[in-house]
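Chemist: Quick one: the structure is below, questions incoming.
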Amino acid sequence: MAKDQFSFDIVSEVDLQEVRNAVDQAAREIAQRFDFKGTGTAVELTGEAIELRAGTEDRLKAAWQVLQEKAVRRQVPLKSLQPDEIQQAAKGTVRQSVKVIQGIPDEKAKQISKFVRGTVPKAQTQIQGSQLRVSAKSKDDLQKAIQAVKAEDFGLALQFTNYR
């Protein structure tokens, strides 16, 4: 990188410890709340996904709301939690898997890259695995790029790191 070149990275990272804490808190609240008693409602973290189970679809949706509240309190961006379809499970119960999104998928990285180049023509972008590096000759161009990306909704929780 040239001496007069500035850059930053666009990443989509989630603190998995905070996700675990949010799931634990949600599970505790569900276990204690009267409206969940005897409904078989549960929430647990399994690897990179969160599993929600309940006796009825209404209870499942209520459990999802509890989980969202706890995630927001723990500063886990809700955009990084992507729920799948609600599925029928054994004995008339329902379940739902919620993926915890880490990194920027290739398709989204290309979309963000194209957007940045279209908005700030003097900025260059480079896809590096699950993140995107944006570089330019002036810090002002980088600031414009950050503001533009923040203003646009890409459906991901984006952070800006390694600003130099």
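Chemist: Being outside any helix (DSSP H, G or I), at pLDDT 95 or above and of a type outside the set (Asp, Glu) is the requirement here; does residue 60 meet it?
Modeler: Here the answer is no, as residue 60 does not meet what is asked.
Chemist: Failed condition for residue 153, given (1) under 18 Å from residue 26 (Cα atoms); (2) open to solvent by 80 Å² or more (accessible area, probe 1.4 Å), with all others met?
Modeler: Going through the list (1) under 18 Å from residue 26 (Cα atoms); (2) open to solvent by 80 Å² or more (accessible area, probe 1.4 Å), residue 153 breaks only (1).
Chemist: Something else: Looking at segment 38-57, which of its residues are touching a strand residue (DSSP E or B) at 6+ places or on another chain (Cβ under 7 Å), open to solvent by less than 60 Å² (accessible area, probe 1.4 Å) and either among the acidic types (Asp, Glu) or outside any loop (DSSP other than H, G, I, E, B) (or both)?
Modeler: Of everything in segment 38-57, those that are touching a strand residue (DSSP E or B) at 6+ places or on another chain (Cβ under 7 Å), open to solvent by less than 60 Å² (accessible area, probe 1.4 Å) and either among the acidic types (Asp, Glu) or outside any loop (DSSP other than H, G, I, E, B) (or both) turn out to be 42, 43, 49, 50, 51, 52, 54.
Chemist: Would you mind stating whether residue 142 is within 27 Å of residue 71 (Cα to Cα) and touching a strand residue (DSSP E or B) at 6+ places or on another chain (Cβ under 7 Å)? Show your work before the answer.
Modeler: Working: within 27 Å of residue 71 (Cα to Cα): no; touching a strand residue (DSSP E or B) at 6+ places or on another chain (Cβ under 7 Å): yes.
When the stated conditions are applied, residue 142 does not pass them.
Chemist: Listed residues 72, 66; which is assigned to a helix (DSSP H, G or I) and open to solvent by 50 Å² or more (accessible area, probe 1.4 Å)?
Modeler: Only one candidate qualifies: 72.
Chemist: State yes or no: is residue 31 open to solvent by 50 Å² or more (accessible area, probe 1.4 Å), in a helix (DSSP H, G or I) and hydrophobic (A, V, I, L, M, F, W, C)?
Modeler: When the stated conditions are applied, residue 31 passes them.
Chemist: Okay, moving on. Would you say residue 149 is over 26 Å from residue 67 (Cβ atoms) and either in a loop (DSSP other than H, G, I, E, B) or in contact with a helix residue (DSSP H, G or I) (Cβ under 8 Å, 6 or more places away or on another chain) (or both)?
Modeler: It is true that residue 149 is over 26 Å from residue 67 (Cβ atoms) and either in a loop (DSSP other than H, G, I, E, B) or in contact with a helix residue (DSSP H, G or I) (Cβ under 8 Å, 6 or more places away or on another chain) (or both).
The values are calculated or read from the model by the stated rules, or taken from the named source; none is laboratory data. Since this is a predicted model, take the numbers as computed values, not measurements. With ideal geometry, Cβ positions are generated from the backbone for all residues, glycine too; neighbour counts draw on all protein chains shown. All accessible areas refer to the heavy atoms of the entire protein, side chains included, with ligands and DNA or RNA removed. Shrake-Rupley method; radii C 1.70, N 1.55, O 1.52, S 1.80 Å.
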